[in-house]
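The values are calculated or read from the model by the stated rules, or taken from the named source; none is laboratory data. Everything numeric here is computed off the predicted structure, so don't read it as measured data. Here the Cβ positions follow ideal geometry from the backbone for every residue, glycine too, while neighbour counts run over all protein chains shown. SASA here: full protein model, heavy atoms, side chains in, ligands and nucleic acids out. Shrake-Rupley method; radii C 1.70, N 1.55, O 1.52, S 1.80 Å.
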Amino acid sequence: MILLQVNQLTKYYGADLILSNIKLEVQSKDRIALVGRNGAGKSTLLKIISEQMSYDGGDIIKPKNLTIGYLAQDTGLESSLSIWEEMLTVFRHLQIKEKKLRALEANMGDPAYLNDSEKYEKLLKEYDELQVTFKDEGGYQYEADIRTVLHGLHFGGFDYSTAIATLSGGQKTRLAMAKLLLTKPDLLILDEPTNHLDIETLSWLEQYLQGYPGALLIVSHDRYFLDKVVTQVHELSRTNCRRYVGNYSKYLEQSAAIYEQELKSFEKQQEEIAKLKDFVQKNIVRASTTKRAQSRRKQLERMKVMDRPLGDEKSASFSFDIERQSGNDVLMVNSLSVSYQGKEPILKDVSFQLKREESVALVGPNGIGKSTLLKALTKQLETLAGTINYGSNVTIGYYDQQQANLTSNKTVLNELWDEYPLRQEKEIRTILGNFLFSGDDVLKIVSSLSGGEKARLALAKLMMQKANLLILDEPTNHLDLDSKEILENALIDYPGTILFVSHDRYFINRLATRVIELSTEGLESYLGDYDYYVNKKAEIEELAQLENEAQSSSSSKVVQTPPLESDKAKYEQDKEQKRKDRQRLRRIEEIEQQIEQIEMKVTENDERLCDPEVYQDYEKAAELTSENEKYHEQLEKLMEEWETLQD
């Protein structure tokens, strides 16, 4: 079923043409990614489709009853309500139905209805129809849905009575997404939904969207996310839109193949045009060949001249080099602890090493201390305890995720030239040109640049340092997909050592030779890329679960051999954790059995209430209705406990 059609859409900003001849079709359950360079008009198109912005030409055709949900970049939820109260507003229609059901149940015990069989039959029919509608619309599970979404977006540890006004900007953005996901519109439009999400939350969002019942239209620079979620890619380029079937990786393959094919066709036509023009020019004045020359001229006039393929659009071009090589041991961190302003330590007892030419990704949930660790390594934060030692000849180049938010009132040219005043202006301009600052772009004021332009300028400054150890904090933020690929290729060819923090799993996969996971339990190292790290973690968790099951089934038969003295503390910790896990799993099973039993009793009571002998007995009907109310309260408490244990 077609949900939406965009035909010949045109949009101007003043005299500038932003979108032209755009065609797009969305069918039910489509998963569409909209890709293109920064400034191609992706966000503009999303705003037009979601009726946030007008357009100048073309048509948008959609059913009247189509529901569209739109989440703009960095949309924060502003509300005077608490987290739970705000999420409940999505389900007001169900709450109204629920109140109506309770009122109808109360009427079932009212003598005014019990003594009038016709009136009572009508009441039962209304109750039955409303109950079916309530159930079909998710009336018995909407609170569980709220908890699931809040937990998935890292609000599981929050007190749900927390006022939204007291939350940070990033938390309000995640809460806006939670509310939108709960509304489940027919067409869900997301503009950069992966901003402010850590890897764990990204994985949850991917799984949620894979099972989403409606259609998806997404703009994202997270290529790993796009590979997991989308099945179509629409590329906006030079104000046109082209459709590709498959995920982002398939799109790259198809796009490259089409570009090569179109380039060959274009070059072949250009050769043909050149030959025809040459023939006309040489033979038009000769009497013997004039007719043939005129024929060639008409052929040229009729010919539809191809445009050069879009793949040759200007790209950034840069590489990272080093002044001199470091020793084999680059960085040694031992028992490091760090805090802010004397508060409770964010990092405790962290130890690891870096070797020359390693490329190490530092991963972990938001707030665990990844950026704090990088700041400590670059001496921007004082340490509480432990040591940081650098090897011989190590020079550091540091890219801060906040560094891209440059606020200087200098021009782009002077921002770079003032740091390297001995270089020639032509050389500085050439370097800036490699980062797509050409012509008058170098005279722009730094503070007025877009996020992507600031990021490219910060990378230009980093490249000029020629450091042999790069410490990078979210280097792909603000970069479009093309610039990310250029950066990856430059870092892959870099002859030095890299330590980086990134939520871009595609970037980690291409760049990392080792992954270090920072968690509340400490630091764990995995030799390999991101996919290896994920698979290894899953393997370890599966083995631990199997071990727990084996120990649980044979604990009464097998006498465990005591561990070595050096491993005793770890053994005791593991043993205690396994005991708690077994208790938790047993309790989950008990709760599920209790829920099943209570639901059976509720069903039995509902069936009895439909029996004329019962519903004509006022006292009996009131008793069964009261029982069901108590059962529903028990179910709610059990579901809350079940959700907590699952977390």
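Between GLU272 and GLN207, the simple label model (points 7 Å from Cα in the Cβ direction) yields a spacing of 5.5 nm.
Dividing the summed helix terms, -39500 (n - 2.57) for each DSSP H run of n ≥ 4, by the number of residues in the chain produces a 222 nm estimate of -15500 deg cm²/dmol to the nearest 500. In this view, the solvent-accessible surface of GLU636, computed with a 1.4 Å probe and all protein chains in place, comes to about 90 Å². As a calculated quantity, the FRET efficiency between LEU585 and TYR259 at R0 = 56 Å, using C-beta atoms, amounts to about 0.55.
In this structure, GLU640 and ASN240 have a Cβ-Cβ separation that, at R0 = 41 Å, corresponds to a calculated FRET efficiency of about 0.20.
In this structure, the amide hydrogen of ILE18, modeled 1.01 Å from its nitrogen in the peptide plane, lies closer than 5 angstrom to those of LYS11, TYR12, TYR13, counting only residues at least 5 positions away or on a different chain.
The alpha carbon gyration tensor of the stretch 395-530 gives principal lengths a ≥ b ≥ c with a/c of 1.5 or higher and a/b greater than b/c, which makes the shape prolate. Measuring with a 1.4 angstrom probe and ignoring ligands and nucleic acids, TRP642 comes out at about 60 Å² accessible.
Which of LYS228/LYS250; LYS42/LYS454; LYS29/LYS228 have a Cα-Cα distance over 18 Å?
Pairs exceeding the cut-off: LYS42/LYS454.
Ordering THR133, LEU94, ALA112 by the projection of their Cα atoms onto the charge dipole of the stretch 80-137, which places +1 on the Cβ of Lys and Arg and -1 on the Cβ of Asp and Glu, puts LEU94 at the extreme positive end.
Excluding GLU592 itself, calculate the net charge of residues whose Cβ lies under 12 Å from the Cβ of GLU592, where each Lys or Arg counts +1 and each Asp or Glu counts -1.
Details: positive: ARG586, ARG587; negative: GLU589, GLU590, GLU596, GLU599, GLU641.
Taking every Cβ under 12 Å from that of GLU592, the sum is -3.
A 1.4 Å probe over all protein chains sorts ILE492, ILE22 by accessible area into ILE492, ILE22, starting with the largest.
So if each residue of separation counts as 0.36 nm, and I subtract the Cα-Cα distance between GLU627 and GLU547, what length gain in nm does that give? Working shown, then result.
Details: separation 80, 0.36 × 80 = 28.80 nm, distance 4.31 nm.
Result: 24.5 nm gained on full extension.
Taken over the alpha carbons of the chain as equal point scatterers, the Debye sum produces base-10 log I(q)/I(0) values at 0.05, 0.06, 0.10 Å⁻¹ of -0.36, -0.50, -1.13. Sorted on the mean count of surrounding Cβ atoms within 10 Å across their residues, most packed first, peptides 94-105, 207-218, 479-490 read 479-490, 207-218, 94-105.
Based on the mean of other beta carbon atoms within 10 Å per residue, what is the order of 221-228, 431-438, 376-383, 297-304, most packed first?
Details: 221-228: 22.9, 431-438: 19.2, 376-383: 16.2, 297-304: 10.9.
My ranking of the peptides, most packed first, is 221-228, 431-438, 376-383, 297-304.
How much length is gained on full extension from GLU78 to GLU596, taking 0.36 nm per residue of separation minus their Cα-Cα distance?
On the way: separation 518, 0.36 × 518 = 186.48 nm, distance 3.97 nm.
The GLU78-GLU596 span can extend by a further 182.5 nm.
Taking only the Cα atoms of the stretch 245-401, the radius of gyration and Dmax are 31.4, 97 Å. Share of pairwise Cα-Cα distances greater than 21 Å in the stretch 86-181 is 49 percent (whole percent). The length gained by stretching the chain between ALA385 and LYS343 to full extension, at 0.36 nm per residue less their Cα-Cα distance, is 13.8 nm.
Return the subset of LYS23/LYS135; LYS537/LYS580; LYS97/LYS637; LYS47/LYS410 for which the Cα-Cα distance in this structure is over 30 Å, preserving the input order. Violating the 30 Å limit, Cα to Cα: LYS23/LYS135; LYS47/LYS410.
Heavy atoms only, probe 1.4 angstrom, no DNA, RNA or ligands counted: give me CYS610, CYS241 ranked by accessible area, highest first. The partial results should precede the final answer.
Numbers: CYS610 85, CYS241 35 Å².
Accessible-area ranking of CYS610, CYS241, largest first: CYS610, CYS241.
State, as an integer percentage, the relative contact order of the stretch 379-511 based on alpha-carbon contacts under 8 Å between residues 6 or more apart. It comes to 30 percent, rounded to a whole number.
Across the stretch 581-647, C-alpha contacts under 8 Å between residues 6 or more apart give a mean separation that, scaled by the residue count, equals a relative contact order of 44 percent. Measuring with a 1.4 angstrom probe and ignoring ligands and nucleic acids, PHE279 comes out at about 50 Å² accessible.
Between SER319 and GLU118, the modelled labels are 9.3 nm apart [label points 7 Å from Cα along Cα→Cβ].
The stretch 496-542 and the stretch 212-261 have Cα centres spaced 26 Å apart. Dividing the mean sequence gap of close Cα pairs (under 8 Å, 6+ apart) by how many residues the chain holds gives a relative contact order of 14 percent. Once the Cβ-Cβ distance of GLU129 and ARG608 is raised to the sixth power relative to R0 = 30 Å, the FRET efficiency obtained is 0.95.
Can you say what percent of the DSSP beta bridges in the chain, counting only those with both residues inside, are antiparallel? Round to 5.
On the way: 38 of 71 bridges.
In the chain, DSSP labels about 55 percent of beta bridges as antiparallel.
The Cα center of the stretch 96-136 and the Cα center of the stretch 16-47 differ in position by 49 Å.
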